[in-house]
Amino acid sequence: MIVAVAVTTLGVFCVALITQLFGYRTGGTIVIPVLAVYTLKNVLMLPIFLFSTVIAYLGLSIAKQRTLIYGRDELLLAMALGSGIPLIILIVLGAFISEALRTVVFIGSILPGLAAYNYHQVKPEFRTRDLLTTSLLFIGLILLGWVLITPGLSRSIGTLAPPVLYTTTADVAVFKSASVSVELRPGILSRPVAVTLFLIGILLSERIRGRYGVRTGLMAMALLAIYALVNAWLIGLYLLVIVVAYAGLKTVHYGTLLYGRVLIAVSVVTALLVVVPLVLALPIQRGLSAYFVAILAGVNAYSWHVTAPRKRVLFFPLQIGAFLILLMVTQVGQLIEPTVAPALFGLPGFFACAVVVVVCAAFVEWRTVDLPDQERIFEASILSGGGDA
């Protein structure tokens, strides 16, 4: 995990620097650093990513030419198109590929859509230079990982924290005879259940954003709901890291003129630097899960920051409510089919979650001031001939 965090931290820092100096998007704040880690773990992730990104880019181009799609709808469409290829590969070839590759492809399926969307946002005259810069950054991160994954370091940092790039399922570690023997953890949820959970999470996130104007993360709460089934410490880790990342982001924001994507990078880097000592102190064995919890916490700390000041008090109640709803979905699945989830907290726990969801929803509604209906305002205005006109 230490090597994965080192590669990602340096990558996110470089993305922030490139964005600040040249304005390039490099595929997104986390896309290339995470892709580098995935490629070091399984080299097949790179061709899958490239092919899926091309499909997502072409599909988004056609949609923009033939429809009025714009803004966030572009992002959602690009993610849907980019995720399609990896998920089809899992469905068609799932029986012939290893569990480790299935996990990497499944979680990494969001990367092509993000990259395609960001590349679309670059002005045409800068796309070649942006792509070249992105490629050089990726090559540099791969070389860094190659240098850090060695038999000598495997006996120190390879076992100091939960191994991610030193396991027997990591291609570079195996190729360089640097892998360490550890007990491989089984998958948490079956693929159909996980896909269903992610879809519900996206719909829930978009509903919350549309109703309350608060970002809870497209897939963040769904991932946390999955992680909660195997280790509750990961939820505590998320809460602690997001607070620290938020404090770090605020400190940089107040002391500089940095904003936007650069602040996202600051938040993610802070979260990654904090998570390693916490993982060493907590009983957490799933290094890849802790790695993603840190990234989610960093991104959501920025979402918390950009939420309107009067609505920031709604951020955690909405996240808690969404998280518990998705956790309840896994429990319903477990009740219907006992093998779909590794943990069942029973009906008392289920109803306790439902009560907390109701309390969170009631609090949020109490603190929310509804805007006047725009159609009724227009009908009553002199512009439409209504009212006293």
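Values quoted throughout were computed directly from the atomic coordinates according to the rules given, and no laboratory measurement underlies them. Keep in mind the model is a prediction, meaning the values are calculated, not measured. Here Cβ is always computed from backbone atoms with ideal geometry, including for glycine, and neighbour counts include all displayed protein chains.
Order by neighbour count: R25, R209, R376, R286, fewest other Cβ atoms within 10 Å first, most last. Working shown, then result.
Values: R25 24, R209 17, R376 10, R286 20.
Placing the least packed residue first, the sequence is R376, R209, R286, R25.
What's log10 of I(q)/I(0) for segment 188-389 at q = 0.11 Å⁻¹, Debye sum over Cα points only, no solvent?
The calculated log intensity ratios at q = 0.11 Å⁻¹ are -0.59.
Using 0.36 nm per residue, how much length does the chain from I377 to V355 gain when fully extended, once their Cα-Cα distance is taken away?
4.2 nm
Using Cα positions and a limit of under 20 Å, work out the lysines in reach of K176, with same-chain residues fewer than 8 apart set aside.
K41
What's the angle, to the nearest 10 degrees (0 to 90), between helix 261-281's Cα axis and the longest principal axis of the chain?
50 degrees
For segment 15-75 and segment 201-217, what is the centre-to-centre distance using only Cα atoms, to the nearest Å?
Cα centroid to Cα centroid, the span is 22 Å.
List the relative contact order of segment 188-389 as a percent without decimals, with contacts defined as Cα pairs under 8 Å and 6+ residues apart. Mind showing how you got there, number by number?
On the way: 228 pairs, mean separation 49.8, N = 202.
So the answer I get is 25 percent.
Could you check the spin-label model distance between V54 and W146? Points 7 Å from the Cα along Cα→Cβ, value in nm.
So the label points at V54 and W146 sit 2.3 nm apart.
Could you list F49, F316 so that the one with the fewest beta carbons within 10 Å of its beta carbon is first and the one with the most is last?
So the ranking, lowest neighbour count to highest, is F316, F49.
Kindly provide the helix-only [θ] at 222 nm of the chain, computed as the sum of -39,500 (n - 2.57) over DSSP H runs of four or more divided by all residues, to the nearest 500 deg cm²/dmol? Intermediate results must be reported in sequence, preceding the final value.
On the way: 18 runs with 277 residues, N = 389.
Computed mean residue ellipticity for the chain: -23500 deg cm²/dmol.
Name the lysines eligible as straight-distance cross-link partners of K123: C-alpha to C-alpha under 30 Å, and not fewer than 8 places from it in the same chain.
Leaving aside lysines fewer than 8 places away in the same chain, those within reach of K123 are K64.
Given an 8 Å cut-off on Cα distances and at least 6 residues of separation, report the relative contact order of the chain as a percent.
Details: 520 pairs, mean separation 68.8, N = 389.
Relative contact order for the chain comes out at 18 percent.
Calculate, in nm to one decimal, what R312 and K64 gain on full extension: separation in residues at 0.36 nm each, minus their alpha carbon distance. Show your work: numbers first, answer last.
On the way: separation 248, 0.36 × 248 = 89.28 nm, distance 3.37 nm.
Separation in residues times 0.36 nm, less the Cα-Cα distance, equals 85.9 nm.
Taking the Cβ-Cβ separation of T251 and V174 as r and a Förster radius of 45 Å, what is the calculated FRET efficiency to the nearest 0.05? Before the final figure, lay out the partial values.
On the way: r = 41 Å, r/R0 = 0.92.
For T251 and V174, the calculated efficiency is 0.65.
Taking the beta-carbon count within 10 Å as an exposure proxy, list I295, I202, I30 from fewest neighbours to most. Walk me through the numbers before you get to the answer.
Numbers: I295 24, I202 17, I30 21.
Lowest to highest Cβ neighbour count: I202, I30, I295.
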